[in-house]
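> Here you go, one structure.
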Amino acid sequence: MQIRENVPISELTTMRIGGLARYVCEISSKDDIIKAWNFAKERKLPIWFMGGGANTIGKDAGFDGVILLNKITGIEILTETDDGLQLKAMGGEEWDDVVEFTCKKGFSGIEAMSKIPGTAGAAPVQNIGAYGQDIARALVSVEVFDTKTEEFRSIPRSKLRMDYRYTTFNHGEDAGRYFIVSITLHLNKNYLEPPFYNSLQNYILEHGETDYSPMNIRRMVSEIRAEKLPDPTEIASSGSFFKNIYLDQVGADEAEEKGIPVWRSNDDSGKINSGWLIEQAGLKGEELHGMRVSDKAALVLINEKTKNYADLAAARSEIIDTVRRKFGYTLEQEPVEIPEK
Ligand code: EPU
């Protein structure tokens, strides 16, 4: 196991902000997890688990602890029949490689989540989702190292309280408790059908697409994303910086009375696009404290030229305050932040 000292968090995260992490351990096996865990315990240092750093923000003071970087790779087919595929992806595997693998085999379930940056192990933490799919629906279980009991075990999806960008891994008393060793997914041959998620549906109509096979959905989603979302290898960002807003029926009615577009669910609850609120508040494309609100997708905050968390925090406050003054809703940040200690 490689241990590095005083590593800039800015180099480990796609937002490219954050001071020094005291130690970073590269984890390539279950053995390494135990070694890193003991290393931190001996020094009485806190730990932080990380994959590709695509949804993680570091603070200016860095992290006085040990970051465990998940580099455990591999994809293993557990069972395969004509209409079902169960596979295990190790936590450090690139998420998009897992998606490509399943699409190539012709199985559906995660194809609309193509090109989401980050690792397979990070995917269930915030319940990633895009273009009408989320990982919750394909997830069977997660194999973890439990820091409370110091044991490896498997947790079934039903125990993970998965909701929109919300799970046991990122909310409540068990947040930060588990290192994700691997995830088990179940895919099937029930291809996505129209009507599709708004922007995918528009693309399909515009291009006269009729092939809804996983590989073709993957190609279309990849094109839509490339148009709208910055590639984190070229442009520093954490994807969507704010969450969309989910409302109960009363809240959804109120929003509509104010003239805000609401996407209704079958039970009449609704979703407001925070990107719409930011755009209507006049912030789309604006530069704030060295950060830029993307001119293609207002939910995305780009780190154009700042090295400081303080600047990011100032830009964030300005966006939140402007939207609150105009519409009365308080935007919530999507990426997680590494505590300083
Ligand atoms: N919209 C605007 N202005 C904008 C952006 C969006 O008015 O600048 C409105 C439009 O009405 C548009 C709607 O918002 O039709 C939806 O926009 P889009 O399809 O771009 O999706 P999003 O709600 O901005 C969410 C996810 C993305 C995911 C896309 C596609 C969150 C926080 N974000 O964004 O996920 O790729 O849907 O499914 O839920 C991420 O989480 O990092 C992420 C990129």
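> Just to verify a result, which residue in segment 88-135, among those that are under 10 Å from the mean Cα position of the chain (by Cα) and among the polar types (S, T, N, Q), is most open to solvent (accessible area, probe 1.4 Å)?
Gln126
> Mind listing whichever residues of segment 16-58 are hydrophobic (A, V, I, L, M, F, W, C) and touching a Gly at 6+ places or on another chain (Cβ under 8 Å)?
Passing the criteria: Ile17, Leu20, Ala21, Ile27, Ala40, Leu45, Ile47, Trp48, Phe49, Ala54, Ile57.
> For Met162, which of the numbered conditions (1) under 25 Å from Ala112 (Cβ atoms); (2) open to solvent by less than 10 Å² (accessible area, probe 1.4 Å); (3) not aromatic (Phe, Trp, Tyr) fails to hold?
Just one mismatch for Met162, condition (2).
> Sort through Asp231, Asp267 and tell me the only one that's within 25 Å of Gly19 (Cα to Cα) and out of contact with any strand residue (DSSP E or B) (no Cβ under 7 Å at 6 or more places or on another chain).
Asp231
> Which of the residues belonging to segment 279-289 are near the ligand (Cβ under 7 Å from one of its atoms) and either open to solvent by less than 20 Å² (accessible area, probe 1.4 Å) or touching a helix residue (DSSP H, G or I) at 6+ places or on another chain (Cβ under 8 Å) (or both)? Can you show your working first?
To start, the set of residues in segment 279-289 that are near the ligand (Cβ under 7 Å from one of its atoms) comprises 279, 284.
Hit for segment 279-289 is Lys284, nothing else.
> Counting only residues that are open to solvent by 10 Å² or more (accessible area, probe 1.4 Å), out of contact with any Leu (no Cβ under 6 Å at 6 or more places or on another chain) and away from the ligand (no atom under 16 Å from the Cβ), how many does segment 48-68 have?
The number of residues fulfilling the criteria is 5.
> Also: For segment 75-176, which strands (runs of 3 or more DSSP E) that fit wholly inside it have 3 or more residues that are in contact (Cβ under 8 Å) with a residue 40 or more places away in the chain?
The strands (runs of 3 or more DSSP E) meeting that bar are 84-90, 139-146.
> Working only within segment 318-341, note down all residues that are over 22 Å from the mean Cα position of the chain (by Cα) and open to solvent by 20 Å² or more (accessible area, probe 1.4 Å).
Glu318, Asp321, Thr322, Arg324, Arg325, Lys326, Phe327, Gly328, Tyr329, Lys341
> Of these, Arg324, Arg292, which one is within 16 Å of the ligand (Cβ to nearest atom) and out of contact with any Lys or Arg (no Cβ under 7 Å at 6 or more places or on another chain)?
Arg292
> Hey, could you check segment 260-278 for residues that are surrounded by fewer than 19 Cβ atoms within 10 Å (Cβ to Cβ) and outside any loop (DSSP other than H, G, I, E, B) and say which is farthest from the ligand (Cβ to nearest atom)?
Among those that are surrounded by fewer than 19 Cβ atoms within 10 Å (Cβ to Cβ) and outside any loop (DSSP other than H, G, I, E, B), it is Arg264.
> Inside segment 147-173, can you point out the residues that are away from the ligand (no atom under 16 Å from the Cβ) and closer than 20 Å to Val336 by Cα? Lay out the reasoning, then the answer.
The initial filter retains those residues of segment 147-173 that are away from the ligand (no atom under 16 Å from the Cβ), namely 147-161, 168, 172-173.
Correct list: Thr147, Leu160, Arg161, Thr168, Gly172, Glu173.
> Do we find a residue being small (Gly, Ala, Ser) and away from the ligand (no atom under 12 Å from the Cβ) anywhere in segment 302-313?
Yes, segment 302-313 contains at least one residue that is small (Gly, Ala, Ser) and away from the ligand (no atom under 12 Å from the Cβ).
> For segment 184-259, which fully contained helices (runs of 4 or more DSSP H) count at least 2 residues that are charged (D, E, K, R), over 27 Å from Phe327 (Cβ atoms) and away from the ligand (no atom under 13 Å from the Cβ)? Walk me through it before giving the result.
Values: elements: 198-207, 214-228, 249-257.
Result: 214-228.
The values are calculated or read from the model by the stated rules, or taken from the named source; none is laboratory data. No experiment lies behind these values; they were computed from the predicted model shown. Ideal geometry is used to build each Cβ from the backbone, glycine not excepted, and the neighbour counts take in all protein chains shown. Just the protein is used for accessible areas: all its heavy atoms, side chains included, with ligands, DNA and RNA removed. Shrake-Rupley method; radii C 1.70, N 1.55, O 1.52, S 1.80 Å.
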